1. From the list 91, 50, which residue is closer than 14 Å to residue 147 by Cβ, of a type in the set (Ser, Thr, Tyr), touching a helix residue (DSSP H, G or I) at 6+ places or on another chain (Cβ under 7 Å) and touching a residue at least 12 places away in the same chain (Cβ under 8 Å)?
2. Based on what the data block shows, is residue 41 under 14 Å from the mean Cα position of the chain (by Cα) and under 22 Å from residue 15 (Cβ atoms)?
3. Which pairs do you get when a residue that is within 14 Å of residue 151 (Cβ to Cβ) and at pLDDT below 95, found in the stretch 169-191, comes within reach of a residue that is surrounded by 15 or more Cβ atoms within 10 Å (Cβ to Cβ) and among the acidic types (Asp, Glu), reach meaning Cβ atoms under 9 angstrom, with the pair 6+ apart or on two chains?
4. From the residues in the stretch 162-184 that are of a type in the set (A, V, I, L, M) and under 20 Å from the mean Cα position of the chain (by Cα), which one is farthest from residue 29 (Cα to Cα)?
5. Select from the stretch 115-136 the residues that are under 15 Å from the mean Cα position of the chain (by Cα), of a type outside the set (A, V, I, L, M, F, W, C) and either under 18 Å from residue 51 (Cβ atoms) or assigned to a helix (DSSP H, G or I) (or both) and list them in ascending order.
6. Return a yes/no flag: does the stretch 75-82 have any residue that is more than 22 Å from residue 186 (Cβ to Cβ) and of a type in the set (Gly, Ala, Ser).
7. Given the structure, is residue 41 modelled with pLDDT of 95 or more and either surrounded by fewer than 19 Cβ atoms within 10 Å (Cβ to Cβ) or outside any helix (DSSP H, G or I) (or both)?
8. Does the stretch 138-151 contain any residue that is under 20 Å from the mean Cα position of the chain (by Cα) and farther than 25 Å from residue 73 by Cβ?
Amino acid sequence: MNDHVDFDFTRGLRLVAGVDEVGRGPLAGPVVAAAVILDPARPIDGLADSKRLSETRREALAPIIRECALVWALGRAEVEEIDALNILQASLLAMRRAVLALTTVPDFALIDGNRCPELPCPAEAVIKGDSRVAAISAASIIAKVARDHEMVELDAQYPGYGLAGHKGYPSPGHLAALARLGVTPIHRRSFAPVRRLL
């Protein structure tokens, strides 16, 4: 964890939530966000941006984060909300819902990216926060694992699209399946490759 900037505990604030979302790029499925307040007394080794970790490593870290964190919560925005609001606003909504779902209100929130959702506490956006702030790394990992599991379940409901493999991202196989099988209720109609098929 030494490569993380120590945003979390230098402020003299004990309850700092790290917040991140996953699933902005896919053509299908929800955006899922997580908010995590780490326990300084129980540091977790190996936290990093979830995109830089293997699936095996993420799967190993997620239960450790859930067990060792002071508190954590998930939030989401559904496909209908993504289409109605746009992906940026839906991502901010998912992050807001994750923070509001925490059973303890944080003193401060550190948000991955360059924008903050409207929150009940002060917040700061941190560019590349998922590789710079331990609590944001933790949030990115549990959000990614939760969304990946959901896409595997959706693969069983909508066979033939390969959702368990590409997790809804626009891979060549996914685009070919969309053209062949058509658009499902879990596809984002506002995204160009889906919109073109409607």
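The values are calculated or read from the model by the stated rules, or taken from the named source; none is laboratory data. Model, not experiment: these values are computed from the prediction. Don't worry about glycine lacking a Cβ; one is built from the backbone with ideal geometry, like all the others, and counts go over all protein chains shown.
1. Step by step, each of 91, 50 is checked, and only 50 is closer than 14 Å to residue 147 by Cβ, of a type in the set (Ser, Thr, Tyr), touching a helix residue (DSSP H, G or I) at 6+ places or on another chain (Cβ under 7 Å) and touching a residue at least 12 places away in the same chain (Cβ under 8 Å).
2. no
3. Going by the 9 Å Cβ cut-off, there are no qualifying pairs.
4. Among those residues, the one meeting the criterion is 164.
5. Listed by number, the residues that qualify are 128, 129, 130, 131.
6. Going residue by residue through the stretch 75-82, those that are more than 22 Å from residue 186 (Cβ to Cβ) are none.
Checked against the condition, which is being more than 22 Å from residue 186 (Cβ to Cβ) and of a type in the set (Gly, Ala, Ser), the stretch 75-82 yields no hits at all.
7. Here the answer is no, as residue 41 does not meet what is asked.
8. Filtering the stretch 138-151 down to residues under 20 Å from the mean Cα position of the chain (by Cα) leaves 138-151.
From what's left, farther than 25 Å from residue 73 by Cβ: none.
Looking for residues that are under 20 Å from the mean Cα position of the chain (by Cα) and farther than 25 Å from residue 73 by Cβ, one finds none in the stretch 138-151, hence no.
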